[in-house]
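Inspection log for the structure reproduced underneath, given as structure tokens.
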Amino acid sequence: MTGEESLDPKAAPRARRQDGAPGRQDWSTWPHYDAAAEGFRGYWYPVTWSSHITGDPRSYMICGEKIVLVRDGGTAYALHDRCPHRGVPLSEGDQQFPGTISCPYHGWTFDLASGRLAAVITDGPDSRICGKVGVRTYPVEERLGMVWVYVPVAAEDPHPIDEQLPEELVGNAFVMGGRIDPRGGNWRFACENGFDEGHAKYLHRTSLWRLFKPMPTWNVTRIVPGGRWIYRVQDEVHWEADFPGVGRWSNKRWWKARPPKEAFNIGNTGKPKRVDPTIEAQEFPGFASLSMPGVLRIAYPNFIHYEFYVPVDADNHRYVGVMVNFTEGWRTFGFYAKYLGAIRWLFHGQFSAQDAWMVDVTDAPPEKLYRPDVSLTAWRNLTEEQYAKKLADSGGTAPNGGAAVTRTRKK
Ligand code: FES
Ligand SMILES: [Fe+2]
């Protein structure tokens, strides 16, 4: 495999180092993506489980912003976690009055819904600063048992969260299990790893989740667009190969199931006997798909696995892994038993920990991409196209051109 140009016709000519070695030395081909070290603003992000948000305020960092979450009267609220008086985190405070949060230091008290300074306990009832200052609030929604916060580009109203969720999760009944883990590494490495065509069959070949099912050796894959998603479509799956001058390589073992004869696009180990009707109705062209702002969907015959990569800061992200089964009634017990007995530990646990390890140690650019990395370049191209549109719609500015994407880190 030699040229990168043939993989990605939309990309600019590759950079060359001064010593003539090929490879991309930076991500200037994808300026919005390059500038999004702390995430793409203008999207909803899952922060934590709904059950974790109570009347006791908790602090989170999303897209480099410190945010305090608190629940009052059943509704979750999100505010910038910084008291404008002297910069103390509001999450260190508590609620002294319904519908408010009070800073622990001097009792500045903010309205949860508007962020307006409603009272200053240590300045008496006629405090003249009331109503003159406030803290930023963030739109909040609750879906999939989680609290989601909208991080704006500028001061725009958010798009409806249902427009951003995977379509099949809006309007269908389902049960789900999931994990939310803080992880090291930039969110873009996590997202690229999730959609990376080349890694799963090699990195995960030793996982317990795949103990009895072989992984292919190599594939021929296409990336096809579909609505706001891109899909990986497998045209060929090769289970063994002779590498000239090196030897034969296969993940087939006597104790593993025999690999299927044909290529398939639901599930990644074999052609399924039966596909769940809700999943079948989606007519996914490929079993792995990806959408903004970093949502991975892996369709198996009877469940769908999602990963949401939530930017924390330039060096950390939150991994949100969710397994969904489109069942109702007594069948949900079967799913919970399978999830808690196996999936949570083997798939969302040990298998996914192999990804976390790689994401934490990835160091790019510079990089030298190879044929299967068309999955990465297609994703980066998608972000460029969609984020340029997002900025145009929300009044933001181009990369490195203003507050919309160039932000100083707040700690
Ligand atoms: S720092 Fe918050 S009230 Fe003084
Ligand atoms: Fe992986």
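The values are calculated or read from the model by the stated rules, or taken from the named source; none is laboratory data. Everything numeric in this text was worked out from a predicted model, so none of it was measured. Virtual Cβ from ideal backbone geometry, glycine too; neighbours counted across all protein chains shown.
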#### Entry: Yes/no for Ser102 being among the hydroxyl-bearing types (Ser, Thr, Tyr) and buried (at least 17 other Cβ atoms within 10 Å of the Cβ)
yes
Only one of (1) of a type in the set (A, V, I, L, M, F, W, C); (2) surrounded by fewer than 21 Cβ atoms within 10 Å (Cβ to Cβ); (3) within 26 Å of Val310 (Cβ to Cβ) does not apply to Leu79, and that is (2)
Note on the stretch 166-176: residues surrounded by 13 or more Cβ atoms within 10 Å (Cβ to Cβ) and in contact (Cβ under 8 Å) with a residue 24 or more places away in the chain are Pro166, Glu167, Glu168, Leu169, Asn172, Phe174, Val175, Met176
When every residue in the stretch 181-191 that is surrounded by fewer than 18 Cβ atoms within 10 Å (Cβ to Cβ) and in contact with a Phe, Trp or Tyr (Cβ under 9 Å, 6 or more places away or on another chain) is compared, the one farthest from Trp49 (Cα to Cα) is Pro182
Of (1) touching a residue at least 40 places away in the same chain (Cβ under 8 Å); (2) more than 16 Å from ligand 2 (Cβ to nearest atom), Asp181 fails just (2)
Checked the stretch 49-63 for anything of a type in the set (S, T, N, Q) and part of a strand (DSSP E or B); matches are Ser59
Selection from the stretch 213-232 of residues of a type outside the set (Lys, Arg) and not in a loop (DSSP other than H, G, I, E, B) yields Trp218, Asn219, Val220, Thr221, Ile223, Val224, Pro225, Gly226, Trp229, Ile230, Tyr231
Going through the stretch 57-107 in order, the residues found to be touching a strand residue (DSSP E or B) at 6+ places or on another chain (Cβ under 7 Å), charged (D, E, K, R) and more than 16 Å from ligand 1 (Cβ to nearest atom) are Arg58, Glu65
State whether one or more residues within the stretch 117-129 are surrounded by fewer than 20 Cβ atoms within 10 Å (Cβ to Cβ), over 16 Å from Asp56 (Cα atoms) and within 8 Å of ligand 1 (Cβ to nearest atom).
yes
If you go through Gly194, Gly198, the only one that is within 16 Å of ligand 2 (Cβ to nearest atom), in the same structural domain as Ala299 (by TED's automatic domain parsing) and surrounded by fewer than 19 Cβ atoms within 10 Å (Cβ to Cβ) is Gly198
All conditions in (1) surrounded by fewer than 15 Cβ atoms within 10 Å (Cβ to Cβ); (2) at pLDDT 95 or above are true of Gly402 except (2)
For the stretch 238-258, the count of residues that are among the basic types (Lys, Arg), surrounded by 10 or more Cβ atoms within 10 Å (Cβ to Cβ) and touching an Asp or Glu at 6+ places or on another chain (Cβ under 8 Å) equals 1
message = So, Arg71, is that one more than 16 Å from ligand 2 (Cβ to nearest atom), among the basic types (Lys, Arg) and in a loop (DSSP other than H, G, I, E, B) or not?
response = no
Residue count, the stretch 337-364, condition loosely packed, with under 15 Cβ neighbours inside 10 Å, more than 16 Å from ligand 2 (Cβ to nearest atom) and modelled with pLDDT of 85 or more, comes to 3
